[in-house]
Amino acid sequence: MGVNLTPAMRQFLEVKEKYRDCIIFFRMGDFYEMFFEDAVTASKVLEITLTSRNKGKEDSVPLCGVPFHSAAPYISRLVEKGFKVAICEQVEDPREAKGIVKREVVKVVTPGLLTEPENLSAKENHFLAAVALHDGTHGLAFLDLSTGEFRVTEAADRDLFLQEVSSLDFREVLLSEELKNSGFVRALSARIDFSIMNFLPPGYFANGAEPGPALLDQIDASGSPAAFAAARAVYLYARETQMTELGHLNRVEWLRGGDFMAVDEKAKRNLELFETMRDGKREGSLFKIIDDTITAMGGRRLRWWLNYPLLDEAKINERLAAVSELKRKHILRADLRGLLKRVYDVERLGARVSMGIANARDLVALRDSLLALPAVKESIRELESPLGRKILSSIDELPETARLISEAIADDPLPTLREGGIIREGYDGELDRLISLSRDGKKYIAALEEKERRETGIQPLKVGYNSVFGYYIEVTKLNSSLVPPHYVRKQTLVNAERYITQELKEYEDAVLGAETKRKEREYDLFVKVRAQAAAEIRRIQKTASAIADLDSVQSLAEVAEMNNYCCPVVDDSDVIEIRDGRHPVIEKMKMAEGFVPNDLLLDREANRFLIITGPNMAGKSTYIRQVALIVVMAQMGSFVPASQARVGTVDRVFTRVGAADNLARGQSTFMVEMSEMADILKNATGKSLILLDEVGRGTSTFDGLSIAWAVAEHVHDKEKLGARTMFATHYHQLTDLALTREGIKNYSIAVREWGGKIIFLRKIVEGGTSRSYGIQVARLAGVPQEIIDRASGILRNLESGELDGMGMPKIAALNKKDAGREGQLNLFISDEEFVIRELRGLDLMRTAPLDALNLIGEWKEKLEKGKKS
């Protein structure tokens, strides 16, 4: 087949040999074309027509293509599916090429290295990560090429490290080929199902093998070899794929575990910080509620704050003070929000300028943003909070850059760079001359037709143009006798002759030459202007960061006022105390009954382990989740949904909420549950906040209850863990723990029965409950009455433990007439002990006289029945 290949196909195959793991977008005129296996694959993914060159012949080549000017969405779709795309451009003018046009790969687009706005989510980072191992230490480096953010961290503990890697939703992860079949990679794969893994030669991760980029000098290669190796791999991979200097990568930021609250991916999922558990949508998440940022930069910064709540109470309170000030100053905040609408994504614009990929419209957006900054600074000059003053001093207006772009770039430039129309007239004298020559020459040629008609007397005469002959004068054959001698015949048609003149050719050379030179001049001038702007990248990035902080703070202030949030007191104590706490997401839902606020007191003394009982649907899970959300919000520097709140800082939030089979990994519901519980017991500290919801429900009642009891004791006891914990459960027997441990308190969701039905009051009250109301919940869910009646009788029979004369359970012979009386099986205590316990837990101040009489009647009936059995 190779013998019959065209020069272009041979050129394609040479490129493909160098980029075997990429789909090649091969520039052919106005199209990017794909060939051979690339075409087959791309046509399926992109749902475009697959055709072929030399169709029907032996040397036919599969082919598909997309227009070059609208290629971005096609590239994006391929990258989303995990493919790499190598952009192979024509790097010389086809008119000047001797033989086949020279082509080169100018960029490789990978899932972790996207820079085009069409391929990026405005308010989300797009991270490429690298992982390295060195003498038992795990190194992580991750980069957002579109913004220039570059962070590194190290950890010795593998589990903690894997949690960190999985918490940031990396789009692409780099590893050494030496790790390809290792247990570490298998464990990592289990954590990051949706990331693309690339295995690179070990040289990318080499530590000290050769001088590295100056940027990496910020990392101590000898003191942090794993972090250095990971950072080196990320940087080299980015530079090689982008094929340009990465001037906007000028700072490496250390991500130190001791600076942030750890919220692993399970907690983020269970608390629905960024997306809902059910369908993965942003609507219904906490971030959706608190994100009222105006700029893309602010949205990304706020997302980072929620990802990494702070531990340092001084820094937390610095944010809270700034939010409080902007919340108080309504007019200032309203003005600021209006001004921020004029600021584009300066962070990503600066990155594009620095990388040399910005077009003229990018520069105009940067200019407009810079021109808006003086008004932004003026609006916040009165801010008094330390963070407000810091933001004010960090906003650099870059007046010289704004002036340069204003003077040089047209207000409405073309999106392309080599077609002219991007430089403002008056900026460059030589360009103005070429523009004038081109414009005046065209006017002259347009007027030439009338002049020649007048001088020759040939009225049908016309001046035309084609790409082969250039400009010409066309005369019909009927008038050929009137043609002047200085006309030179150039082409004969059926009914006409075409001529040129010396004057026409001179003007043609001037006009066409001026047009070409104009486009070249504009491009050269633009590149110089862009380079001058790129030289200020650090100032641009500093300003972008300040605007991101400002936008995040104003967003939290706006949301706090709209939703009636309070400013929490955050300190280093062990107390979490909330008055009238609310779930920030659920309270926004339309509910006929309205959201019922609840209080909370947690500490590491008498209130460190709260057991919360109550029926399904009553609100146990909502209550424990809202406490965690309030803590996370407070430590990120946000106001919280409560009338009053005090939060003693939490180092980690753990959630054991719900359970589901993970069949893909061969894990049952109970295995998933116990794995998560083991992770909590291994990694939690006394400063952690632990949320447990239905531990032990994935196995038999006796096993599950035994495990739940033992877990509760371990978590409660200070000499073992002593962490602040909320335990929502249906195991009412666990309420007996309060009799054995000082720091355990029982709470329940208030419920009222009326006419055989239950009413959820959604209020947390002190004291446990001995009933789950499961049958009433089944009735509410629409289970047929016949089944409800049968279940009621079965429950009563189980509760009494009655046997027939043959020693068989009477459940088998239960008649419908026996149904309708409800109870609950108690596994560990006698009827007398049960009554005494209920009596102890009764709140006489909250019990109505009629309720008290009903309870006494129930107890008497239970004791008499117990004696009979």
Worksheet item: Taking the stretch 554-587, which residues are modelled with pLDDT of 95 or more, in a helix (DSSP H, G or I) and either surrounded by fewer than 24 Cβ atoms within 10 Å (Cβ to Cβ) or in contact with a Lys or Arg (Cβ under 7 Å, 6 or more places away or on another chain) (or both)?
Response: Gln554, Ala557, Glu558, Val559, Ala560, Glu561, Met562, Asn563
Worksheet item: Of the conditions (1) open to solvent by 10 Å² or more (accessible area, probe 1.4 Å); (2) within 27 Å of His138 (Cα to Cα); (3) not acidic (Asp, Glu), Ala238 fails just one. Which one is it?
Response: (1)
Fill in: Set Leu286, Leu271: member being open to solvent by less than 60 Å² (accessible area, probe 1.4 Å), modelled with pLDDT of 90 or more and touching a strand residue (DSSP E or B) at 6+ places or on another chain (Cβ under 9 Å)
Leu271
Worksheet item: When only residues in the stretch 445-478 that are open to solvent by less than 50 Å² (accessible area, probe 1.4 Å) and of a type in the set (Phe, Trp, Tyr) count, which is farthest from Arg95 (Cα to Cα)?
Response: Tyr472
Fill in: the stretch 396-416, subset in a loop (DSSP other than H, G, I, E, B) and surrounded by 13 or more Cβ atoms within 10 Å (Cβ to Cβ), residue modelled with the lowest pLDDT
Thr416
Item to complete: Hey, could you check the stretch 14-28 for residues that are in contact (Cβ under 8 Å) with a residue 12 or more places away in the chain, out of contact with any helix residue (DSSP H, G or I) (no Cβ under 6 Å at 6 or more places or on another chain) and of a type outside the set (Val, Ile, Thr) and say which is farthest from Gly99 (Cα to Cα)?
Response: Asp21
Item to complete: Output the number of the condition that Asp144 fails; it satisfies all remaining conditions of (1) acidic (Asp, Glu); (2) touching a helix residue (DSSP H, G or I) at 6+ places or on another chain (Cβ under 6 Å); (3) surrounded by 16 or more Cβ atoms within 10 Å (Cβ to Cβ).
Response: (2)
Worksheet item: Among the residues of the stretch 507-517, is any open to solvent by 50 Å² or more (accessible area, probe 1.4 Å) and touching a helix residue (DSSP H, G or I) at 6+ places or on another chain (Cβ under 6 Å)?
Response: yes
Worksheet item: Just one of Arg301, Arg367, Arg328 is in contact (Cβ under 8 Å) with a residue 12 or more places away in the chain and open to solvent by 30 Å² or more (accessible area, probe 1.4 Å); which is it?
Response: Arg301
Practice prompt. Could you check how many residues of the stretch 147-161 are polar (S, T, N, Q) and either open to solvent by 20 Å² or more (accessible area, probe 1.4 Å) or assigned to a strand (DSSP E or B) (or both)?
Written response: 1
Worksheet item: What single numbered condition from (1) touching a helix residue (DSSP H, G or I) at 6+ places or on another chain (Cβ under 9 Å); (2) farther than 30 Å from Gly356 by Cβ; (3) of a type in the set (Ser, Thr, Tyr) fails to hold for Ser481?
Response: (1)
Discussion item. Being open to solvent by 10 Å² or more (accessible area, probe 1.4 Å) and of a type in the set (Ser, Thr, Tyr) is the filter here; which residues of the stretch 698-747 pass it?
Written reply: Thr699, Ser700, Thr701, Ser706, Tyr731, Thr735, Thr740, Tyr747
Item to complete: With a cut-off of at least 2 residues that are closer than 30 Å to Leu417 by Cβ, name the helices (runs of 4 or more DSSP H) lying wholly within the stretch 338-395.
Response: 346-355, 360-379
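The values are calculated or read from the model by the stated rules, or taken from the named source; none is laboratory data. Here the structure is a predicted model, which is why all the values come from computation and not from measurement. All Cβ positions, glycine included, derive from the backbone under ideal geometry; neighbour counts span all protein chains shown. Quick note on the areas: whole protein, heavy atoms, side chains included, nothing else; ligands and nucleic acids left out. Shrake-Rupley method; radii C 1.70, N 1.55, O 1.52, S 1.80 Å.
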